[in-house]
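Contents: one structure, followed by commentary.
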């Protein structure tokens, strides 16, 4: 079964070791979680995220900055 997860990054694309990775059973679950939690991530220093399915890059980096 595939695992979907977000890599937390700086604006320069460097990974931020947040200490905890959230794995999701579907892409929709991962995207819904991000929609609910993006502002908390941004407040904690995450500037961008990249979505992975297992080890495959799906898309990103995607900025968490407000327009």
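Brief remarks follow.
- Residue order for 53, 43, fewest other beta carbons within 10 angstrom first, comes to 43, 53.
- Among 40, 55, 23, sorting on how many other beta-carbon atoms sit within 10 Å of each Cβ, with the fewest leading, yields 55, 40, 23.
- Footprinting exposure proxy for 7, 27 (fewest neighbouring C-beta atoms within 10 Å first): 27, 7
- Extension gain, residue 56 to residue 10: 0.36 nm times the residue separation minus the Cα-Cα distance gives 14.6 nm.
- With respect to the chain, whose longest principal axis is taken over its alpha-carbon atoms, helix 27-43 is tilted by about 20°.
- FRET efficiency for residue 38 and residue 2, using Cβ-Cβ distance with R0 set to 25 Å, rounded to 0.05: 0.65
- Only helical runs count toward this figure. For the chain, summing -39,500 (n - 2.57) over DSSP H runs of n ≥ 4 and dividing by all residues gives -8500 deg cm²/dmol at 222 nm.
- Gained length - residue 23 relative to residue 63, 0.36 nm times residue gap less alpha-carbon distance: 12.4 nm
Read-outs throughout are calculated quantities, based only on the coordinates presented, and are distinct from any laboratory measurement. All of these numbers come straight from a predicted model, not from anything done at the bench. Neighbour counts run over all protein chains shown; Cβ positions are idealised from the backbone, glycine included.
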